[in-house]
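For reference, the structure is listed below as structure tokens.
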Amino acid sequence: MKAQSPRGMGVDCADFDNSGKPGIIITNFDNEMLGLYRSNGKSFDDVAMQAGLGPASRNTLGFGCVFFDADLDGRLELAVATATLTTPCATSAATVGYAQSPQLFLNQSNAKFLEVAAELGGGFASIQSRPAVSPSPISTATAISISS
């Protein structure tokens, strides 16, 4: 099997580990987990597996993504809008469905994330095609809009 480069779809940059250095999240096509990159001062290291994002995102097709402090604890969480194209495509894995639930990864500290969308219910539990995500400030909290 020939190796291929990930097919990046969405991107956001933030200090997700409170190190004072920028980090990058990149959503990818199905069967390609999220890419989470931490600055080492000279370049960026992929830390998606160590952060817990790898297995939880492998069978999704990520479009939009955004870091934001969902629980106001000073650590940045990650929301990912997942979907597929208007119709299932031939390059999609059999395990990836057309409509998917969005993902929310809670930052547990030390840049370790836990996928909690299913427990939240509401819009995070509904399966739809939603390729966009954006933060909207509301007083001291942040709301997330996930839409098609």
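How far, in nm, would the chain grow between S43 and K21 when pulled straight, counting 0.36 nm per residue and subtracting the alpha carbon separation?
Taking S43 through K21 to full extension adds about 6.8 nm, to one decimal.
If you take the Cα centroid of region 58-79 and the Cα centroid of region 5-54, the two points sit 12 Å apart.
The simple spin-label model puts a point 7 Å past each Cα toward its Cβ; for L72 and A118 those points are separated by 2.9 nm.
None of the figures in this text is laboratory data; all of them are computed from the coordinates on show. Since this is a predicted model, take the numbers as computed values, not measurements. Using ideal geometry, Cβ is built from the backbone for each residue, glycine included, and neighbour counts are taken over all protein chains shown.
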